[in-house]
1. Would you pick out the residues in segment 339-369 that are modelled with pLDDT under 95 and among the polar types (S, T, N, Q)?
2. Out of everything in segment 135-166 that is in a helix (DSSP H, G or I) and open to solvent by 50 Å² or more (accessible area, probe 1.4 Å), what residue ends up being nearest to residue 223 (Cα to Cα)?
3. All but one of (1) within 16 Å of ligand 2 (Cβ to nearest atom); (2) touching a Phe, Trp or Tyr at 6+ places or on another chain (Cβ under 7 Å) hold for residue 96, so report the exception by its number.
4. Which one of the conditions (1) in a strand (DSSP E or B); (2) within 16 Å of ligand 2 (Cβ to nearest atom); (3) under 23 Å from residue 115 (Cβ atoms) does residue 280 fail to meet, given that it meets all the rest?
5. Of the residues that sit in segment 197-226 and are surrounded by fewer than 24 Cβ atoms within 10 Å (Cβ to Cβ) and aliphatic (A, V, I, L, M), which one is farthest from ligand 1 (Cβ to nearest atom)?
6. Which members of segment 46-66 meet the condition of being closer than 21 Å to residue 17 by Cβ and part of a loop (DSSP other than H, G, I, E, B)?
7. Checking the condition touching a His at 6+ places or on another chain (Cβ under 8 Å) and either open to solvent by 50 Å² or more (accessible area, probe 1.4 Å) or more than 30 Å from residue 362 (Cβ to Cβ) (or both), which residue from 261, 190, 229, 256 passes?
8. Please find, among 285, 276, the residue that is open to solvent by less than 10 Å² (accessible area, probe 1.4 Å) and within 16 Å of ligand 1 (Cβ to nearest atom).
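The values are calculated or read from the model by the stated rules, or taken from the named source; none is laboratory data. Keep in mind it's a predicted model, so treat the numbers as computed, not measured. In this analysis, Cβ positions are derived from the backbone assuming ideal geometry, glycine residues included, and neighbour counts consider all displayed protein chains. For the accessible areas, the whole protein counts, side chains as well, though only heavy atoms, and no ligand, DNA or RNA atoms are used. Shrake-Rupley method; radii C 1.70, N 1.55, O 1.52, S 1.80 Å.
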Amino acid sequence: MKILVIGSGGREHALVWKIAQSPRADKIFSAPGNAGIQQLASIQDIKQDDTPSLLDFARKNKIDLTVVGPELTLVNGIVDEFQKYKLKIFGPTKKAAKLEGSKIFAKEFMQRHNIPSADFKVFTNSQKAKDCLKEIKLPVVIKADGLASGKGVVVAQDLNDAQEAIELIMEKRSFGSSGDKIIIEDCLKGEEASMLAICDGKDFIMLDSSQDHKRIFDRDSGPNTGGMGAYSPAPIVSPDLLEKIRNEIFKPVIDGMREEGNPFKGILYAGLMITNEGPKVLEFNVRFGDPEIQAILPRLKDDLVTLMLASIEERLDAIKLNWDNRFCVCVVMSSNGYPGRYEVGKEISGLDEAKKEQNVIVFHSGTKSQLSENKTQIITTGGRVLGVTGLGNTIKDAIDKTYQAVRKIHFEGLHYRNDIGQKALK
Ligand code: AMP
Ligand code: GLY
């Protein structure tokens, strides 16, 4: 099969790495890809949200399966466009992708189907939102309705933070029309976990659990990022909890979406808070989590291409997944300043030495290769640069191995958290 993977992050490198192991994959293309993906796939200079050019490429090259990494491309409706030409593509339609594209849609859907989540109010006017703060218990969570690259959520500890968040989203319009409406919701307490399920519209299979590390600094301090590291499985998700998540969250979502005429296919990702009252949904995403998937895929023993085809062809009911029992840890190495402003173009060294570590994979995110004095250099191009991923028989083993590899890699201004996986040790 000819397979096209859309995107350029660590998530897409992990997907290409896994797909490359499939006996069904004859040739892999990636648009736009990165320096890591380039070693496994033919990279194409097409932007990840340029649906007309991606469609054109898939038609001309007779692509047998397209896999979409980023949410924006899905929310914009690439699946519907490919389906018009009978091209196989893994992911939800535009209407189903609203579970991520509109937080208000997701909250109202959860309310209709009794899916546990924080209480919330919707606002279309910033003054009314600010007035409401006077009656609300702090801390409180302010969320832009639309996509905002993971930056549209503020957990406000005091009134001032909450007001600033409303101004940022609704008045300064930092996220454009994504901030036309906002949600103000109760702040939930507990530990977070990420659960992903592969879905075919009727059935779903949950992938093993994982935990992300959202904040930029150690001990969960500093601003939220796209994710600074992950591990899988997450011991907090006990077998009992897993059953609750299956029956109280995933099942009603898949059934509810089908009943409402928007059957959900592809990956449904539930960001959960494990509270004293049980698991509650913080958000839905309609694609693989990044960096979570970098810690999940190395543990999946089954062929990913077979699974994706089963999702598209509605055959998941006949499938069971097999997992490597080892723990997997992924540490994200980022550019100094991320998630704010950062510099790019820094040469990365030590990648070959890091890769020599056993049971370690270095996934690339913001990297590209360039020729300098007849030598190929790998340079930084983004905020999140690498996802160094290691497997171990215990979580401690996996952590140690991963950090050993991390310490071999250098670039100017690099940053990483030192406490990825520590929560799982407790
Ligand atoms: P979201 O993009 O909605 O998952 O929000 C990003 C992050 O904000 C989450 O991973 C949580 O750390 C935090 N968050 C979102 N909603 C809540 C909530 N209701 N209570 C506490 N923290 C939240
Ligand atoms: N790591 C969080 C996300 O993929 O949205």
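1. Listed by number, the list holds a single entry, 358.
2. Taking segment 135-166 and keeping what is in a helix (DSSP H, G or I), we get 159-166.
Imposing the further condition that a residue be open to solvent by 50 Å² or more (accessible area, probe 1.4 Å) reduces the set to 159-161, 163-164.
Working: 159: 18, 160: 16, 161: 13, 163: 17, 164: 14 Å.
Among those residues, the one meeting the criterion is 161.
3. (1) is the only condition that residue 96 fails.
4. Looking at each condition in turn, residue 280 falls short on (2).
5. Only one residue fits best here, namely 205.
6. 46, 48, 63, 64
7. Values: 261 fails: touching a His at 6+ places or on another chain (Cβ under 8 Å); 190 fails: touching a His at 6+ places or on another chain (Cβ under 8 Å); 229 fails: either open to solvent by 50 Å² or more (accessible area, probe 1.4 Å) or more than 30 Å from residue 362 (Cβ to Cβ) (or both).
Result: 256 is the single residue among 261, 190, 229, 256 that is touching a His at 6+ places or on another chain (Cβ under 8 Å) and either open to solvent by 50 Å² or more (accessible area, probe 1.4 Å) or more than 30 Å from residue 362 (Cβ to Cβ) (or both).
8. Working: 276 fails: open to solvent by less than 10 Å² (accessible area, probe 1.4 Å).
After ruling out the rest, the residue left standing is 285.
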